[in-house]
Every structure is written in structure tokens, then in C-alpha cells.
Amino acid sequence: MDVELIEIREFLASHAPFDRLPADALDALPQRLAVRYLRRGSPFPPDDDDTPCLYILRRGAVEMRDAEGNLISKLAEGDLCPSPCGAGMADLSGKTAEDTLAYLLPCAELDRLREAHSAFAAHFDASMSDRMRRALDTMKDDTAGTALMTVQVGDLLSRPVTQGGPDISIRDAARIMSEARVSSLVLVDEGRLVGMITDRDLRNRCLAAGLSPEEPVRRIMTERLHTVRADTLGFEALITMSRLNVHHLPVLDETGVRGVVSTSDLVRVQSANAVYLVGDIRKAESVETLATISKRLPELQIQLVHSGATASQIGQAITAITDAITLRLLELAEAELGAPPVPYSWMAGGSQARREQSSHSDQDNALLIADHLKPDDDDYFKQLARRVNDGLNACGYVYCPGNVMASNDKWRQPLKIWTKYFNTWIKRPEPMALMLSSVFFDLRPIHDPEGLFGELAERIHTMSKKETIYIAYMAANALKHRPPLGFFRKFVLIRGGEHDHTFDVKHRGIVPIVDLARVYALSAGLDEINTPERLRAAGAARALSADGADNLVDAYEFIGTLRMRHQAAQLKRGEKANNFLSPDDLSPLERGHLKDAFALISTMQESLGQRYQAGRFA
């Protein structure tokens, strides 16, 4: 093979989908290509193009437009132009924006390659969303160590739910459990879950207490039950059990009670794993012990990445540890300060609220207090907040640079003041209000025994859904973070300094999707906080198309997983994790998928901007 053909082969081998061809097919391919040079401003495809071909851009740039003249895409080196090979391009026309050199692969030869090589054919058969899903699949490793990271508790229920009524006798309840060979019994009244008993309840609350087995089972049942949804990840269910010190959780779906998942069900799936960090956290008696435990978080992230977990799964796992540490700090503070004078809710913001953390993010939190607090009560909550904020900082969750923490008097307020805050932000969407809204519309209660947060959340969603002008301002604010993709699908990189030749994958890739999801959720009055959950709910509510929601979820997972892998590699080398990713560290296929994801985000941003005429509110 002469030098020119070798150069063409190497070029093809470094670009998708030709990098999926075996060596012998790549060796033969350059001889089957034609070369075409087009001057700037030439129509595309060329007017004299009689043989239908796939155009592969070697140098230059091409702009593609639809029938109305709208710019659809900008293509550059390594890109495949829309092809008449099978799909057709009757509604598209193009023009070269620079002097352009292209390789031409006849459609007949393309069809032959597609028939012979399924991995190569998949690139042309799949949508962008399908390609990103397949890219995610290649990043996963189905290992036993992450079984609970991928399995849903509903999939662990192998038998119909065993249930009875609350007025049956304790003896009958025990008989039902014995015959069904189960360790728990769900108690239902007129289709409504009212309680549950376990083997332990029969021993401790009946036999040991000397209670007659003829008494109704409601005498020994647990009424205030914690439940999980059927689609809850097994990891999250095990975290919940450990935190609450329970061994059974009723599982609910849209029809009602589907079954009961137990710790033994989960342990059968999961061998020893870092999930048991939560158990160590619950037993910790000091901030120093918690700080020691938290030092294992980077290793947890490394293990999860190496085991094939996705960004969402890692975020759920890391956040569960943060939640457990926060709860234990609150318990330690209350043990020292005494019981709170009035009910309160400790609220997490930012990535913790969305369950999207990586190891040792900074902290965002606030305190919601019952309205009937007295002036003297604030000293208690001030001390409580200071202890927890200091404890989180000691555990590696550094103080919020913007001081959005419960120790700040402004963010430690009763319900009526929080309601006033949100009303002001929504009615007067000034720049500071928009910045604060981006923080405080992502809130989740970590400790809320009296359910104070539910009332605040209901007021927020009711107010925001009605204010279309406010949503328009939020939409404009959501367009400030743009993907690092310039003209002709080239990465826009940082030049010079510590992060030369990189881009910020968090603020230029993930944050734009988080911002989009928040606006869609607010516009539909949805209460989901997690970004993929917001997008799916918004798609179901038709705040955006179902395809748009699915594609954004796939883009979020793909970009986020690249970020988690990048950080894990840094942590493994003993470096501090950051968000600055170099395209040189990615494979050609990953670079191609990343460009697809960034292009999708840009398209969705433009669509949102047009819907709300965001330019008027920027």
C-alpha cells in the first residue's frame, strides 16, 4: 500500500464508524474511495454528482439547510454528510463554507460493508439516542459488585404479596406467615396499606409482652411505615433500611402494594460492598469518626466507575453517603443541644438535593423551621446549623463559596419567610433572584419528621407554574451555559493556563441539561428534583416531546459518565478530581458521541429560547 493510501486508511481508522471495521476491511477500503475537491460556496451535493455516494469530509466545512433555508448542521473534518445511500436527503441542501476535500464511498460499497459488518452498520441504523445508549453500554461492565446499582426492588419480588386485614387475630396472622413461609405480613384495609408485622414483632410485642394471640393484629403492627417504589434501585433501598434500622420495606407501584423487600433479599444480590459505609456512619459517635469514614468516598467512586456504574447510579450512591453523614451530624448535634424547641426540616440544595453528587462536593443547605418558633428559639437552631456545617466541612464537603448554608441567618427561616422569599423571587425575577432560584428550586428534605417541606414545596410549585414571565426569565437564565461546540462541530477549548486544551465538562455539558430540566419541571409544576426524573416527568406531561426528554436523559448519562470516569482516573493517581476534560483523552468514537450530545443540547436550548422568546429576558 503506497503512502497516500496508508494516510487515508489511518484517517478512516481514527473516525467513527470506520474504526469499527476489522483490519482487512480497512486495508481494502482506501482503494474503493474517490477524492473530490470543492471550492468554497459550491453546492452540496455537487450538481454534477451522478453516482450516489457517501461523502466523508477530509478537510473543509459544509453547511446543511432544510427546505425553508434553516441551518440544520455544520459539518467538518471526519463528519459524514447526509447521504442519499438509503435514507435520502430530498429535504436537505448544502453549500461548502470553506474549500473542501472529501472522500466519496459509493452507496453500493457502503451497502456491502453494512451487510458484512454489523457493528459498522449499527451506526447508520441507529438514531443519535440509540448510539449514545450503545456507547453507554460499552462503558459498563456487568459485574456482581454493582448488582444493587442496577437492579430495581420490584425485580426482586418473586412472589405475590402476602397480606391480611388489621382486625384478624395475631394467631391467624402468624399462621398466614407460616403457611406462606414469609417473615412479614402486609396489613391492608379497603385496599389501603395501614400497617405491617414481622417475625420480630410476634416475638417482642406479643410473646415477650404476654399479649394474648387472640388480640387483633393491629395491636402489634407498625403503622407509620416507610415504603419504596418498585423502580427504586436496590442500593437505595438498602441505604434506607440501614438508616432507619429496619429489615423490611413495603414496595408500592401504581396499583398499590406490590410486595415487601427485605435485607436478606438485597444481601443475596449484593456481596460485601461499600454500601455498608452507611452502617459505619450510623454507629459513628464523633465528627472525627465521620471524617475518617468520609475519606473512603473517593475509593467508592473509583470502585463504582470500574464496576461499570453510570453517572446516575454513582450520583445516587455518593449522595446516599452524604445524606447519611448529614443525618448523623444532626443526631449528634441534637444529642448535645437537646430536643429542638419546634419542628424543623434540614434541606439540601444543589447536586445533593438532585442526588447527583460526585465525591466531596461543596455543601448547599438551608433550614426550614415551624412558624410558631419564639425569638429565643433561633439560638438553638443557629448552634445546630453551625455544628452540622462545620461537621460537613470536616468530612470534606467544603463550605459553600456563596454561603448558601443553614448557618447563614438568611437561610435559616420559618415557613412564612421562605414562602415570602419564593414569592419575591418569582414576582421580581432580577439577576440575583434568578441565581437564588436556581439553587433553591433544587431542594430536598434530609430530615423532616413533621413534613414541613411538603407544605413549602406545594406553595412553590403553585406559584411558579402560574408565572409565565418568571419561567421565561428562568429559560433565558438556562441558556447562559452553552456546550463547548463551535462552528462545524469543533470543540471550543480553554487556551492557556492550568487547564489548557480542555473544556469544563460540568458547566459546559452537565449544567446546561440540569438547567433545561429545571425549567421544564417548573413550567409543568412538577415536584421531581433529580435531573433524569425531571426530564422523564416533563416528557410525560408534554412540557417537551417524549423523544426530546429521552435524548436529553441519554446525553446527561453519557456526558456524566465520561466525567465520572475522568475523575476516577485522577483520584486513582492521587490527584484532586476536577471537571476539565481533554478531547485527547477520549477515543474517536467517544468524541463523536460527545459532539452528538453537545449538538443535541444546543438544539434543545434554541428550542426553549424560541418558545419563551428568551432573548427579551436575557
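The values are calculated or read from the model by the stated rules, or taken from the named source; none is laboratory data. This structure is a prediction, so every number in the text was calculated from the model and none was measured. As a convention, Cβ positions derive from the backbone with ideal geometry for all residues, glycine included, and neighbour counts pool all protein chains shown.
Among the residues making up region 28-65, those that are among the charged types (D, E, K, R) and without any contact (Cβ under 8 Å) to a residue 40 or more places away in the chain are ASP47, ASP48, ASP49, ASP50, GLU63, ARG65. For region 46-82, which positions are in a loop (DSSP other than H, G, I, E, B), farther than 17 Å from PHE491 by Cα and touching a strand residue (DSSP E or B) at 6+ places or on another chain (Cβ under 7 Å)? Residues satisfying the conditions are PRO46, THR51, ASP66, CYS81, PRO82. When LEU330, LEU367, LEU300 are checked against the criterion of being farther than 30 Å from ASP554 by Cβ, of a type in the set (A, V, I, L, M) and in a helix (DSSP H, G or I), LEU330 stands alone in meeting it.
Let's see how each residue does on (1) in contact (Cβ under 8 Å) with a residue 12 or more places away in the chain; (2) under 18 Å from GLN163 (Cβ atoms):
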| position | (1), (2) |
| --- | --- |
| LEU207 | no, no |
| GLY210 | no, no |
| THR222 | yes, yes |
| ASP231 | yes, no |
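The condition (being over 15 Å from the mean Cα position of the chain (by Cα) and either basic (Lys, Arg) or surrounded by 24 or more Cβ atoms within 10 Å (Cβ to Cβ) (or both)) is satisfied by just one residue among ARG542, ARG536: ARG542.
Contact annotation: residue pairs with Cβ atoms under 6 Å, 6 or more positions apart or on different chains, pairing a residue in region 80-93 that is at pLDDT below 75 with a partner that is among the small types (Gly, Ala, Ser), are ASP91/ALA67. If you go through region 587-607 and pick out every residue that is of a type outside the set (Phe, Trp, Tyr), buried (at least 17 other Cβ atoms within 10 Å of the Cβ) and under 22 Å from ASP500 (Cα atoms), you end up with 5.
Any residue that is under 15 Å from the mean Cα position of the chain (by Cα) and among the basic types (Lys, Arg) - is there at least one of those in region 353-363? Yes, because at least one residue in region 353-363 is under 15 Å from the mean Cα position of the chain (by Cα) and among the basic types (Lys, Arg).
Does region 168-182 include one or more residues that are at pLDDT 90 or above, outside any helix (DSSP H, G or I) and not assigned by TED's automatic domain parsing to the domain that holds ALA568? Yes, because at least one residue in region 168-182 is at pLDDT 90 or above, outside any helix (DSSP H, G or I) and not assigned by TED's automatic domain parsing to the domain that holds ALA568.
Does ASP504 count as within 25 Å of the chain's Cα centre (by Cα) and surrounded by fewer than 20 Cβ atoms within 10 Å (Cβ to Cβ)? Yes. Before we move on, is ILE529 touching a Ser or Thr at 6+ places or on another chain (Cβ under 9 Å), of a type in the set (Val, Ile, Thr), closer than 21 Å to GLY350 by Cβ and at pLDDT 90 or above? No, not satisfied. Only residues that are surrounded by fewer than 19 Cβ atoms within 10 Å (Cβ to Cβ) and assigned to a loop (DSSP other than H, G, I, E, B) were counted in region 21-33, giving 1.
Taking region 171-193 as the range and being without any contact (Cβ under 8 Å) to a residue 60 or more places away in the chain and in contact with an Asp or Glu (Cβ under 7 Å, 6 or more places away or on another chain) as the test, only ARG171 passes. If you go through region 342-368 and keep only what is among the acidic types (Asp, Glu) and closer than 21 Å to PHE422 by Cβ, you end up with just ASP364. Of all the numbered requirements in (1) touching a strand residue (DSSP E or B) at 6+ places or on another chain (Cβ under 7 Å); (2) at pLDDT below 90; (3) surrounded by fewer than 16 Cβ atoms within 10 Å (Cβ to Cβ), THR255 misses one, and that requirement is (1).
Would you point out which residue out of THR292, THR240 is more than 22 Å from VAL188 (Cα to Cα), in a helix (DSSP H, G or I), among the β-branched types (Val, Ile, Thr) and at pLDDT 90 or above? Criteria check complete, one pass: THR292. For the structure I just gave you, tell me whether LEU337 is at pLDDT below 95, over 28 Å from LEU238 (Cβ atoms) and aliphatic (A, V, I, L, M). Answer is no for this residue. Restricting region 11-20 to residues that are of a type outside the set (Gly, Ala, Ser) and closer than 17 Å to ALA102 by Cβ leaves a set whose member that is surrounded by the fewest Cβ atoms within 10 Å (Cβ to Cβ) is PHE11.
Across region 381-437, the qualifying residues are those that are of a type in the set (S, T, N, Q) and in a helix (DSSP H, G or I), and the one among them that is surrounded by the most Cβ atoms within 10 Å (Cβ to Cβ) is SER437.
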